[in-house]
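Here's the structure we're looking at; comments come further down.
We did not get these values from a lab; they are worked out from the coordinates using the rules stated. Keep in mind that what you see is a predicted model, and the values were worked out from it rather than measured. Because the Cβ atoms are built from the backbone with ideal geometry, glycine has one as well, and the counts that use them run over all protein chains shown.
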Amino acid sequence: MQFQDRVAIVTGAARGLGAATAHELSRQGARVVICDIDGALAEGVADDIRKEGRDALALRVDVSKIPELDALVKAAVDRYGRLDILVNNAAICPRIPVDDMTEEKFDQIVAINLKSVFFLSRAAGNAMKPGKWGRIVNVSSVGGRTGGIYASTVYAATKAGVMSMTKAFARHFAPHGIIVNCVAPGSVDTRLMADLSPESLQGTIEGVPLKRLADPLEIARVIAFLSSDGASYMTGAILDVNGGAMMP
């Protein structure tokens, strides 16, 4: 129960990697605020946690709206009296070829995947300062290192931005006992892979030395480590969890 009395916010937590992370942090003792654009699904995840005898709060949040991010942090602190952990997981990855990308869609991807990380990290980090302890874990992607494949150029650019932003926030918050790290998953068995054709999916799997997709729980456990006291001398780090598909 290494997160006993800790309070965590997980964005994009209604399904997939976010839900797995919320469950893992909760199993290890955290009180988790589950936020997602799909409020009903977020409530379902919270209900599952409550059925196991643990506390959880579900909130519908559009992470592209800065006032909603500030309200999210306030709601967590109002409910639990503190904030210790933030997992910036929310993201979208529409498969749009370069020639078909529109300004509207470009702005949407940037707002959800990158702008939200900046403004929520700032708000959450400031809320963590009084406790002189905090963990911010950003979820990037192997695409942030490779530039992306299969019509994901803008998504990959935002994920590269998340890596860079991680380092900047790590320096910014270090004097306050808050560490900021990043996980760069490879191909995970979530709905982000659902848009791939069977041929592309098989090609992706063949490119992984372990010859499979990751289970969301495998990534969630790495996020939990970065949220723990065990990561106390790590900040500004990018952890690649990709089955060997990319070895920087």
Worksheet item: Near MET163, within a Cβ-to-Cβ distance under 12 Å, what is the net charge of the other residues, with Lys and Arg +1 and Asp and Glu -1?
Response: +2
Fill in: Around ARG60: net Lys/Arg minus Asp/Glu count, Cβ-Cβ under 12 Å
-4
Worksheet item: Using the per-residue mean of other Cβ atoms lying within 10 Å as a proxy for protection, in what order, highest first, do the peptides 72-82, 197-207 fall?
Response: 72-82, 197-207
Worksheet item: Taking other Cβ within 10 Å of each residue's Cβ, how do VAL7, VAL180 sort, fewest first?
Response: VAL7, VAL180
Worksheet item: Considering only Cα-Cα distances, which of the following residue pairs are longer than 24 Å: LYS74/LYS159; LYS74/LYS105; LYS105/LYS167; LYS74/LYS132; LYS115/LYS211?
Response: LYS74/LYS159; LYS74/LYS105; LYS105/LYS167; LYS115/LYS211
Worksheet entry | the chain: calculated mean residue ellipticity at 222 nm from DSSP helix runs of at least 4, using -39500 (n - 2.57) | -13000 deg cm²/dmol
Worksheet item: Which angle between 0 and 90 degrees, to the nearest 10, do you get for helix 16-27 versus the longest principal axis of the chain when only C-alpha atoms count?
Response: 30 degrees
Worksheet item: Sorted by mean Cβ packing within 10 Å, highest first, what order do the peptides 165-171, 47-53, 109-115 take?
Response: 109-115, 165-171, 47-53
Practice prompt. Quickly rank 23-32, 60-69 as a protection proxy: mean count of other C-beta atoms within 10 Å, highest first.
Written response: 23-32, 60-69
Discussion item. Starting from the 7 Å offset along Cα-to-Cβ, what nm value, one decimal, do you get for the label separation of ALA237 and ILE66?
Written reply: 3.3 nm
Worksheet, complete the sentence: Residues meeting the amide H criterion for LEU57 (H placed from the backbone, H to H distance under 5 Å, 5 or more places apart or on another chain) are VAL32, VAL33, ILE34
Discussion item. As a footprinting exposure proxy, order TYR150, TYR233 by other Cβ within 10 Å, with the fewest listed first.
Written reply: TYR233, TYR150
Worksheet item: Tell me, how many Å apart are the Cα centres for the range 184-243 and for the range 110-154?
Response: 16 Å
Discussion item. What distance in nm lies between label points placed 7 Å from Cα along the C-beta direction at MET1 and GLU218?
Written reply: 3.1 nm
